[in-house]
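Visitor: Here's a structure for you.
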Amino acid sequence: LFIFFDKSKKSKVLLFFLTIVFILSEGLIFLSGERLALFFMNLSAVYIILMLNKYKTYRLWTYICSLFLIFVLLNIFPSSKERLIDQTIDDFTINKSTNVEDEIYIFSKSHNDMYVTAYRIFLDNKILGVGPRQFRNRCEPYAVSEYSCETHPHNTYLELLSEAGFFAFLIVVSLFILICHLSIKHFILKFFKKKKALINDLEVCLLASIIISLWPFSPSGSFFNNWMSIVYYLPVGILLWQRK
């Protein structure tokens, strides 16, 4: 929004207001205790800072302000540290049902068991999967533990493999690889070859939002959920408009 309004030469008061909202919203993400959102905020910030052409300095100092705000909040609200740091470390090693540290899990015991269950479903339904939003109904025979059967596997790519099959998975993973390839090419041209950038600053921000939606190495919401689809596809529509 800042880039869009700045290019159209809107008032400085509006731009200042957007900047304040930008910084405070990142502090709000921290206070919410939502670990995945905080990770994605940092991932998108680093991506945007590396890729921006004109607004690099602006995004860097707003990010620094956000980190400073989070540091202050960390000291004011120690319970946030327990949720974001201590609990995260515990989740990787502690079995919730016994509250005993027994082995290393992928994110947590519950995530780990859902992932194994989704993979087992895929092995029996490689081509078409069991159908969108059917993980919850078909997981029981493949369950690993009491944590196995949730509404979805909590990972986009495992959900696609188990519910839509290999070809649907291939389409989405190919899109993610294509975006990564475009980003790396843009970065090399801009920093090492000093040539004209492939994508402008508004497109950088839109690609950042698509990357965090398709990021494979973290838990995620359901790919077939209606409001998640709004989050996923709205930046795609704006990106297509911008490219045209």
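Bear in mind that the values in this text are calculations on the coordinates, not laboratory data. Only a predicted model underlies this, so the values are computations on that prediction, with no experimental measurement involved. A quick note on method: Cβ atoms are made from the backbone with ideal geometry, for glycine too, and the neighbour counts reach across all protein chains shown.
Visitor: What are the equivalent ellipsoid semi-axes of the range 28-71, built from the alpha-carbon gyration tensor (square roots of five times its eigenvalues), in whole angstrom, biggest first?
Guide: 21, 12, 6
Visitor: What's the FRET efficiency of I64 with I104 using the Cβ-Cβ distance as r and R₀ = 51 Å, to the nearest 0.05?
Guide: The calculated FRET efficiency here is 0.90.
Visitor: Return the Cα extents of the chain along principal axes one, two and three, sorted largest first, each rounded to a whole Å.
Guide: Taking max minus min along each principal axis of the Cα atoms, the chain gives 59, 46, 34 Å.
Visitor: Round to the nearest 10 and give me the degree value, 0 to 90, for the angle of helix 109-124's Cα axis relative to the longest principal axis of the chain.
Guide: Tilt of helix 109-124: around 70 degrees.
Visitor: Over 18 Å between Cα atoms, which of K56/K190; K9/K54; K9/K195; K56/K194 qualify?
Guide: K9/K195
Visitor: How big is D for the range 97-160, in µm² s⁻¹ as a whole number, if Stokes-Einstein is applied with the Kirkwood radius of its Cα pairs at 25 °C and 0.890 mPa s?
Guide: This corresponds to a translational diffusion coefficient of 205 µm²/s.
Visitor: Could you identify which residue out of K185, K126, K193 has the top mean-square fluctuation in a GNM of the chain using Cα springs shorter than 10 Å?
Guide: Largest GNM mean-square fluctuation: K193.
Visitor: Let me ask something else about it. Return the Rg/Rh ratio of the range 1-100 with Cα-based radii and a Kirkwood Rh.
Guide: Looking at the range 1-100, the ratio lands at 1.10.
Visitor: Given 0.36 nm per residue, what is the gain on full extension from V173 to L189 after removing their alpha carbon distance, in nm?
Guide: Numbers: separation 16, 0.36 × 16 = 5.76 nm, distance 2.43 nm.
Extra length available between V173 and L189 comes to 3.3 nm.
Visitor: Could you tell me how many degrees, from 0 to 90 and to the nearest 10, lie between the Cα long axis of helix 166-191 and the main elongation axis, the longest principal axis, of the Cα atoms of the chain?
Guide: In the chain, helix 166-191 runs at an angle near 30 degrees to the longest axis.
Visitor: What's the center-to-center distance, using Cα atoms, between the range 49-69 and the range 141-206 in Å?
Guide: Here the two parts' Cα centres lie 24 Å apart.
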